[in-house]
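These notes concern the structure reproduced below.
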Amino acid sequence: MVRRVVTAVEPSGRSVIHQDAELDIINRDHTPQFQHSVVWTTGTDALGGEPPSNYVPGPGGTVAMMVTFPPDSVFADPSFDGAAAAAENLAKTPGLADLFEPDNPGMHTTPTVDYAVVISGSVVLEVDEGAAVRLEPGDVVVQNGTRHAWRVPSDEPATIFVILMGAAG
């Protein structure tokens with residue numbers, strides 16, 4: 001569950017709690033334990049916390065979301081249907097899923113600067129040539145438009161909070 005609290009300013013100038021609600025969780029039918037919630041967007045066609053039509057924000061735009069990655073063992077399971085999972089990902093995270101490399105599962109490059117905070121579990125950030133760093137809860141990554149993938153070599157899923165900020169092209 002992800003709870004979002006949004007503040008606002010009334011016409012009188014008084015600060016108020018504008019929203020306080022649980023967010024929709026977008027699950028993947030073809031990739032067990034893989035899910036995300038859109039926390040907030042700016043500079044997109046979406047209103048606040050609605051899923052945008054393109055998850056890669058343009059310059060000055062942002063997409064903030066909570067993402068839970070399944071253990072790598074999910075992808076290694078003989079019953080895992082990679083083609084169905086890829087198609088579902090394209091439908092549920094348009095724009096972002098389009099950037100994934102078909103010959104290098106999980107690897108992608110976005111024209112964004114991303115701030116990612118590990119919330120739970122252990123996740124590995126992999127970059128070019130297999131260079132990688134293991135991240136634990138509380139660790140923060142500043143991802144500067146580099147080619148990367150998120151891996152979860154443990155038995156438990158890992159959750160990160162990430163803000164993608166559109167960078168000037």
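Readers should treat all values here as calculations from the given coordinates under stated rules, not as data from a laboratory. Just so we're clear, the structure is a prediction, and the values are computed from it rather than from any experiment. Every residue, glycine among them, receives a Cβ derived from its backbone with ideal geometry; neighbour counts consider all protein chains shown.
Points worth noting:
- A simple spin-label model places pseudo-atoms 7 Å from Cα toward Cβ; at Met1 and Asp155 they are separated by 2.7 nm.
- Ordered by the count of other Cβ atoms within 10 Å of each Cβ, fewest first, Ile25, Ile160, Ile119, Ile17 give Ile17, Ile25, Ile119, Ile160.
- Listed options for Cα Rg over 2.2 N^0.38 Å are (i) 1.07; (ii) 1.01; (iii) 1.62. The value calculated from this structure is the one marked (i).
- Taking label points 7 Å from Cα along the Cα-to-Cβ direction, Thr109 and Ala84 give a separation of 3.3 nm.
- Three-way shape call for segment 1-66 based on the alpha-carbon gyration tensor, with the a/c threshold at 1.5: oblate
- Dipole axis of segment 52-154 (+1 Lys, Arg; -1 Asp, Glu on Cβ), positive-most option in Pro102, Ala84, Val141: Val141
- Exposure proxy order (Cβ contacts within 10 Å, fewest to most) of Leu164, Leu135, Leu47: Leu47, Leu135, Leu164
- Check: the chain dipole with +1 on Lys, Arg Cβ and -1 on Asp, Glu Cβ, in debye: 520 debye
- Working note: 222 nm ellipticity from helices only, DSSP H runs with n ≥ 4, each -39,500 (n - 2.57), summed and divided by the residues of the chain, gives -2500 deg cm²/dmol to the nearest 500.
- Rel. contact order, % - alpha carbon contacts under 8 angstrom, at least six apart, segment 3-166: 23 percent
- Packing-based exposure ordering (other Cβ within 10 Å, fewest first) of Glu22, Glu88: Glu22, Glu88
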